[in-house]
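Structure first, then comments.
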Amino acid sequence: SAVISQKPSRDICQRGTSLTIQCQVDSQVTMMFWYRQQPGQSLTLIATANQGSEATYESGFVIDKFPISRPNLTFSTLTVSNMSPEDSSIYLCSAGDTHTEAFFGQGTRLTVV
Amino acid sequence: GDSVTQMEGPVTLSEEAFLTINCTYTATGYPSLFWYVQYPGEGLQLLLKATKADDKGSNKGFEATYRKETTSFHLEKGSVQVSDSAVYFCAIYFQGGSEKLVFGKGTKLTVNP
C-alpha cells in the first residue's frame, strides 16, 4: 500500500488569490489523480497528473483554473487559481498503479471567503 | 454517462444492528463496483469490490453482491460496531467507457454504543 501525504490539510483563502496543494507519495506510482468534493456532492475527478507531460483534464475543468504539476513519480501539486467562494470544497489526491488500485490522501478542506 | 445513486444519510444505528446502504448505478456495459470507506480524519480506503455479475465482495464483516439485473451493489453488515462509524462511498469503474472512478455522494454512518 502507499501512504499519501497532502498539505495543507485545510486553509481559508481570500477570493481572487491562488492556493497550491501538495501531494507526496511514499513510493513511486504510475498514476496520480486530483478529485474535488463539493459540499453534499460526490467526489469528482478533476484531472490525471502525468509525469513529464501535461495533465489530462476531465470535462468541466481547465488548466488555467487548476494547473497541475507532476515533476516525478512521487509528487504532484494542484493549484486552485483566482479563487471564488464556489471553489470551497475538499480537494483529494489519489495515487496508485491503476485507477482502481489507488490510495487516497486525507484531503485539503478549502474555504474561500 | 455513468452515474451512481447512493442512499442518503446520515444513518444512525445502535451497536449490533443490521446495516444496509443502498447503491444503484447507471452505466453502459458492465462496470466494476466498489465500496470505499472514510474513517474520521483519514483518507478514503477501499473496503470491497466486485468485478462481474453475481460476485460478492467482502471485508471486515461487510458484504456486497453485484446484481446485474437490478444494477445494484448494496452494502450490508450483520452487526455493526462503534468503530464502523464512517462515511461510505459507492463507486463504479468502467474500462472502455469513462475510464474513471465515478462515486456516489457518500453515506455517513454513526453507530452508538
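Show me the strands (runs of 3 or more DSSP E) found entirely inside the range A:46-112 where at least 1 residues are over 26 Å from B:Val37 (Cα atoms).
A:68-72, A:75-80, A:108-112
All but one of (1) aliphatic (A, V, I, L, M); (2) in a loop (DSSP other than H, G, I, E, B); (3) open to solvent by less than 10 Å² (accessible area, probe 1.4 Å) hold for B:Ala91; state the number of the condition that does not hold.
(2)
Does the range A:69-79 contain any residue that is of a type in the set (Lys, Arg), within 12 Å of the chain's Cα centre (by Cα) and buried (at least 18 other Cβ atoms within 10 Å of the Cβ)?
Filtering the range A:69-79 down to residues of a type in the set (Lys, Arg) leaves A:70.
Those left that are additionally within 12 Å of the chain's Cα centre (by Cα): A:70.
Then drop every residue that is not buried (at least 18 other Cβ atoms within 10 Å of the Cβ), which leaves A:70.
Within the range A:69-79, one or more residues are of a type in the set (Lys, Arg), within 12 Å of the chain's Cα centre (by Cα) and buried (at least 18 other Cβ atoms within 10 Å of the Cβ).
Would you confirm whether or not the range A:95-104 contains a residue that is of a type in the set (Val, Ile, Thr), modelled with pLDDT under 95 and either loosely packed, with under 15 Cβ neighbours inside 10 Å or touching a helix residue (DSSP H, G or I) at 6+ places or on another chain (Cβ under 9 Å) (or both)? Walk me through how you get there before you give the answer.
Of all residues in the range A:95-104, those of a type in the set (Val, Ile, Thr) come to A:98, A:100.
Then keep just the ones that are modelled with pLDDT under 95; that gives A:98, A:100.
Subsequent filtering for residues that are either loosely packed, with under 15 Cβ neighbours inside 10 Å or touching a helix residue (DSSP H, G or I) at 6+ places or on another chain (Cβ under 9 Å) (or both) retains A:98.
Yes, the conditions are met somewhere in the range A:95-104.
Mind listing whichever residues of the range B:37-54 are farther than 25 Å from A:Gly107 by Cα and surrounded by 16 or more Cβ atoms within 10 Å (Cβ to Cβ)?
Within the range B:37-54, the first condition is being farther than 25 Å from A:Gly107 by Cα, and the residues that meet it are B:50-54.
If the condition is that a residue be farther than 25 Å from A:Gly107 by Cα and surrounded by 16 or more Cβ atoms within 10 Å (Cβ to Cβ), then B:Ala50 is the only one that fits.
Can you tell me which of B:Val87, B:Val111 is β-branched (Val, Ile, Thr) and touching a Lys or Arg at 6+ places or on another chain (Cβ under 7 Å)? Break it down into steps so the answer makes sense when it comes.
Working: B:Val111 fails: touching a Lys or Arg at 6+ places or on another chain (Cβ under 7 Å).
Among B:Val87, B:Val111, only B:Val87 is β-branched (Val, Ile, Thr) and touching a Lys or Arg at 6+ places or on another chain (Cβ under 7 Å).
Here is a list: B:Thr20, B:Thr70, B:Thr110, B:Thr12. Which entry is open to solvent by 70 Å² or more (accessible area, probe 1.4 Å) and in a strand (DSSP E or B)? Even if it seems obvious, please write down each step before you answer.
Details: B:Thr20 fails: open to solvent by 70 Å² or more (accessible area, probe 1.4 Å); B:Thr70 fails: in a strand (DSSP E or B); B:Thr110 fails: open to solvent by 70 Å² or more (accessible area, probe 1.4 Å).
One residue alone meets the criteria, B:Thr12.
Please find, within the range B:23-36, the residue that is nearest to B:Gly61 (Cα to Cα) out of those that are surrounded by 15 or more Cβ atoms within 10 Å (Cβ to Cβ) and more than 11 Å from chain A (Cβ to nearest Cβ).
B:Trp35
Can you report the number of residues in the range A:19-53 which are closer than 20 Å to A:Pro71 by Cα, in contact (Cβ under 8 Å) with a residue 40 or more places away in the chain and open to solvent by 30 Å² or more (accessible area, probe 1.4 Å)?
Final tally of qualifying residues: 8.
How many residues are open to solvent by less than 40 Å² (accessible area, probe 1.4 Å), assigned to a loop (DSSP other than H, G, I, E, B) and either more than 9 Å from every other protein chain (Cβ to nearest Cβ) or at negative phi (or both) if we restrict to the range B:98-107? Walk me through it before giving the result.
If we filter the range B:98-107 for residues that are open to solvent by less than 40 Å² (accessible area, probe 1.4 Å), which is where we start, we get B:101-104, B:106-107.
Then keep just the ones that are assigned to a loop (DSSP other than H, G, I, E, B); that gives B:104, B:106.
Subset that is either more than 9 Å from every other protein chain (Cβ to nearest Cβ) or at negative phi (or both): B:104.
The total comes to 1.
Just to be sure before I move on: is A:Gln14 open to solvent by 70 Å² or more (accessible area, probe 1.4 Å), modelled with pLDDT of 95 or more and out of contact with any His (no Cβ under 6 Å at 6 or more places or on another chain) in the structure I sent?
Details: open to solvent by 70 Å² or more (accessible area, probe 1.4 Å): yes; modelled with pLDDT of 95 or more: yes; out of contact with any His (no Cβ under 6 Å at 6 or more places or on another chain): yes.
Spelling it out, A:Gln14 is indeed open to solvent by 70 Å² or more (accessible area, probe 1.4 Å), modelled with pLDDT of 95 or more and out of contact with any His (no Cβ under 6 Å at 6 or more places or on another chain).
The values are calculated or read from the model by the stated rules, or taken from the named source; none is laboratory data. Since we're looking at a predicted model, the values are computed, not measured. For neighbour counting, all protein chains shown are included, and Cβ atoms are generated from backbone atoms with ideal geometry for every residue, glycine included. Heads up: the accessible areas ignore ligands, DNA and RNA and are worked out on the full protein's heavy atoms, side chains in. Shrake-Rupley method; radii C 1.70, N 1.55, O 1.52, S 1.80 Å.
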